[in-house]
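See below for the structure under consideration.
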Amino acid sequence: FGSENSFHFEKRIKQVTANACEIHVFDPTVVETGDGKAYYTAYHGDYGLGAKDGAVGANDSKNSTFVVKSLPTIVKELHHDHIDILKMDV
């Protein structure tokens, strides 16, 4: 969760796992440039992680808001039953 269009972590995980896992990137705070497409399975720029489903205010000068979903909601929507590695920028 969170990328700021930097995909060093995703690139290394893809190498270490020999491409054996799905890598999902979530970051509604930046516009995806496509620079990391070789390193992730899917980019989710339309929502981020939150304690509960809803909308939150961004900490920016535009008073932006963005959609957040809880981890159980995201896992269910992606039809997964577990997570091996979870990386979060704070």
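The values are calculated or read from the model by the stated rules, or taken from the named source; none is laboratory data. It should be emphasised that the depicted structure is a prediction, and the values quoted were computed from it without experimental measurement. Backbone-built Cβ (ideal geometry, glycine too); neighbour counts: all protein chains shown. Protein only, heavy atoms only, side chains kept; ligands, DNA and RNA dropped before computing areas. Shrake-Rupley method; radii C 1.70, N 1.55, O 1.52, S 1.80 Å.
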* Would you check which residues across the range 26-81 are part of a loop (DSSP other than H, G, I, E, B), within 23 Å of Ile13 (Cα to Cα), open to solvent by 40 Å² or more (accessible area, probe 1.4 Å) and in contact with a helix residue (DSSP H, G or I) (Cβ under 8 Å, 6 or more places away or on another chain) and list them? => Asp81
* **Cβ pairs under 8 Å, 6+ apart, first in the range 1-26 and in contact (Cβ under 8 Å) with a residue 12 or more places away in the chain and closer than 18 Å to Asp46 by Cβ, second in a helix (DSSP H, G or I) and of a type in the set (Val, Ile, Thr)** => Ile23/Ile13; Phe26/Ile74
